[in-house]
Amino acid sequence: MDLQTAGSEGRFSAYVEGLVSVIGRADRAKPLRDYCVGLLMPGERKSVEPMAAVTAPQRTAAQHQSLLHFLGEGGWSDERVLARVRQNGSACARTAPADRGLDH
């Protein structure tokens with residue numbers, strides 16, 4: 001694993017940990033991480049079934065049920081989660097490398 005990948009994985013883990021602290025239940029950390037990975041992976045994003053296939057290919061049916069349960073029985077505050085996402089986005093914007101002349 002190269003340094004850039006290690007840094008990206010570390011930042012992703014910190015991001016997910018921050019969201020876990022907001023949803024309030026440590027036992028939901030893995031489903032949350034899997035859901036976030038599913039959102040970031042290439043492919044169809046309209047349902048959790050493709051996410052399940054990507055995040056747990058050897059146990060897709062069970063993963064599908066786990067993700068559905070996670071999303072359907074969440075019980076977290078959407079406002080608190082979105083506030084944390086915005087906070088993390090602001091932190092990313094402050095620490096992003098300077099524009100390197102890329103077209104926007």
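The values are calculated or read from the model by the stated rules, or taken from the named source; none is laboratory data. Quick caveat: nothing in here was measured; it's all calculated off a predicted structure. Heads up, the Cβs are rebuilt from the backbone with ideal geometry, glycines too, and the neighbour counts pull from every protein chain shown.
Among the residues of segment 42-54, is any in contact with a helix residue (DSSP H, G or I) (Cβ under 7 Å, 6 or more places away or on another chain) and polar (S, T, N, Q)? Give the derivation first.
Step one: filter segment 42-54 for residues in contact with a helix residue (DSSP H, G or I) (Cβ under 7 Å, 6 or more places away or on another chain), giving 43-45, 48-49, 51-54.
From the residues that got through so far, the ones that are polar (S, T, N, Q) too are none.
There is no residue in segment 42-54 that is in contact with a helix residue (DSSP H, G or I) (Cβ under 7 Å, 6 or more places away or on another chain) and polar (S, T, N, Q).
Yes or no: residue 38 within 15 Å of residue 67 (Cβ to Cβ), modelled with pLDDT of 85 or more and either outside any helix (DSSP H, G or I) or under 9 Å from the mean Cα position of the chain (by Cα) (or both)?
Working: within 15 Å of residue 67 (Cβ to Cβ): yes; modelled with pLDDT of 85 or more: yes; either outside any helix (DSSP H, G or I) or under 9 Å from the mean Cα position of the chain (by Cα) (or both): yes.
Here the answer is yes, as residue 38 does meet what is asked.
Suppose we keep only residues that are hydrophobic (A, V, I, L, M, F, W, C) and more than 23 Å from residue 17 (Cβ to Cβ) within segment 69-104. Which one would you say is modelled with the highest pLDDT?
Only one residue tops the list, namely 98.
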